[in-house]
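Have a look at the structure below, then the notes.
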Amino acid sequence: MTSASALPGQPRGIVTSGPATARAVNILAPNASAMTLDGTNTWLVSEPDSAEAVVIDPGPLDEAHLRAVIETAERAGKRIALTLLTHGHPDHAEGAGRFAELTRTKVRALDPALRLGDEGLGAGDVIRTGGLELRVVPTPGHTADSLCFHLPADRAVLTGDTILGRGTTVVAHPDGRLGDYLASLRRLRSLTVDDGVHTVLPGHGPVLDDAQGAVEFYLAHRAHRLAQVETAVEDGYTTPEAVVAHVYADVDRSLWPAAEWSVRAQLEYLQDHGLIPGGPE
């Protein structure tokens with residue numbers, strides 16, 4: 001993550017545990033930081049009248065948090081039947097193994113190293129549990145294994161770190177690639193235009209009620225930062241560290257290491273497209 005600025009459609013600025021849509025309940029993990037904002041949003045998703053639920057991103061390996069997720073389901077009269085991961089960063093996935101033990105569930109993810117069970121996740125997959133329908137949307141860029149989950153019944157999308165509820169995310173180079181990330185944002189924009197998605201349920205930060213506005217904000221932000229990096233290189237700032245100090249001067253220095261991941265991804269993108277020296281010949 002980088003800045004903490006407000007995004008379009010952010011009337012719910014305070015992040016709390018509790019219902020966000022008719023089918024999605026947030027259980028906020030106690031791991032707030034500059035990188036995780038208010039903490040990781042662990043999502044409990046189910047049909048209102050179903051006895052089965054799906055958990056997306058159990059979060060860090062925090063026993064109290066994992067048990068709080070289970071207790072939230074039990075109070076609603078539901079059994080957790082499946083665990084899904086948006087990607088493998090520890091603040092989302094570190095607790096998945098222990099959570100699977102506690103709930104006796106399979107863990108499904110794009111990265112085979114994160115799965116518990118023989119079922120992965122990929123483009124075109126539709127998850128149906130207890131009447132709930134979740135559509136898998138591959139969104140590489142933040143990381144190579146990033147996924148989003150489209151929840152058609154709530155006209156919502158669960159975005160992990162691809163879109164945050166506050167500020168912007170990093171492209172975690174070298175695993176994350178800017179070209180992939182831009183394509184993923186355009187894929188999410190098509191959900192807002194073609195499928196009527198209007199709510200973003202992010203992995204960090206508050207719920208966004210203007211999904212299209214958030215995607216457009218992200219695309220514009222990326223274009224702006226890319227232009228800034230290109231100009232910085234033209235002005236003689238040739239190392240990633242120098243570009244960060246110049247372009248991200250208004251960003252808290254504690255976030256500069258994360259900003260450097262994005263700068264390295266931006267430099268690679270500019271080189272690959274022949275816009276600055278150093279790309280493939």
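The values are calculated or read from the model by the stated rules, or taken from the named source; none is laboratory data. From a predicted model like this one, the values you see are computed outputs, not experimental measurements. Virtual Cβ from ideal backbone geometry, glycine too; neighbours counted across all protein chains shown.
Name the single residue, out of those in region 192-206 being buried (at least 21 other Cβ atoms within 10 Å of the Cβ) and among the hydrophobic types (A, V, I, L, M, F, W, C), that is farthest from TRP261 (Cα to Cα).
VAL197
Please go through region 89-103 and give me each residue that is surrounded by fewer than 21 Cβ atoms within 10 Å (Cβ to Cβ), assigned to a helix (DSSP H, G or I) and not hydrophobic (A, V, I, L, M, F, W, C), ordered by number.
Result: PRO90, ASP91, GLY97, ARG98, GLU101.
Here are some residues: THR129, THR192, THR103, THR139. Which one is of a type outside the set (D, E, K, R) and under 16 Å from the mean Cα position of the chain (by Cα)?
Details: THR129 fails: under 16 Å from the mean Cα position of the chain (by Cα); THR192 fails: under 16 Å from the mean Cα position of the chain (by Cα); THR103 fails: under 16 Å from the mean Cα position of the chain (by Cα).
Of the residues listed, the single one that is of a type outside the set (D, E, K, R) and under 16 Å from the mean Cα position of the chain (by Cα) is THR139.
For THR159, which of the numbered conditions (1) out of contact with any Ser or Thr (no Cβ under 6 Å at 6 or more places or on another chain); (2) surrounded by fewer than 20 Cβ atoms within 10 Å (Cβ to Cβ); (3) of a type in the set (Ser, Thr, Tyr) fails to hold?
Here THR159 clears every test but (2).
LEU66: part of a helix (DSSP H, G or I), buried (at least 18 other Cβ atoms within 10 Å of the Cβ) and either of a type in the set (A, V, I, L, M, F, W, C) or modelled with pLDDT under 95 (or both), yes or no? If you could, list the steps in order and put the result at the bottom.
Details: part of a helix (DSSP H, G or I): yes; buried (at least 18 other Cβ atoms within 10 Å of the Cβ): yes; either of a type in the set (A, V, I, L, M, F, W, C) or modelled with pLDDT under 95 (or both): yes.
So LEU66 fits the description; yes.
Restricting the search to region 223-265, which residues are part of a loop (DSSP other than H, G, I, E, B), surrounded by fewer than 19 Cβ atoms within 10 Å (Cβ to Cβ), of a type outside the set (Asp, Glu) and touching a residue at least 40 places away in the same chain (Cβ under 8 Å)?
Matches in region 223-265: VAL251 only.
Given the structure, is PRO152 modelled with pLDDT of 95 or more, surrounded by fewer than 23 Cβ atoms within 10 Å (Cβ to Cβ) and in contact with a Gly (Cβ under 8 Å, 6 or more places away or on another chain)? Give the derivation first.
Working: modelled with pLDDT of 95 or more: yes; surrounded by fewer than 23 Cβ atoms within 10 Å (Cβ to Cβ): yes; in contact with a Gly (Cβ under 8 Å, 6 or more places away or on another chain): no.
No.
Restricting attention to region 93-147, report how many residues are touching a residue at least 60 places away in the same chain (Cβ under 8 Å) and out of contact with any Phe, Trp or Tyr (no Cβ under 6 Å at 6 or more places or on another chain). Outline the logic, then answer.
Kept after step one, since they are touching a residue at least 60 places away in the same chain (Cβ under 8 Å), are these residues of region 93-147: 127, 129-132, 134, 146-147.
Checking which are out of contact with any Phe, Trp or Tyr (no Cβ under 6 Å at 6 or more places or on another chain) leaves us with 127, 129-132, 146-147.
Counting residues in region 93-147 that are touching a residue at least 60 places away in the same chain (Cβ under 8 Å) and out of contact with any Phe, Trp or Tyr (no Cβ under 6 Å at 6 or more places or on another chain) gives 7.
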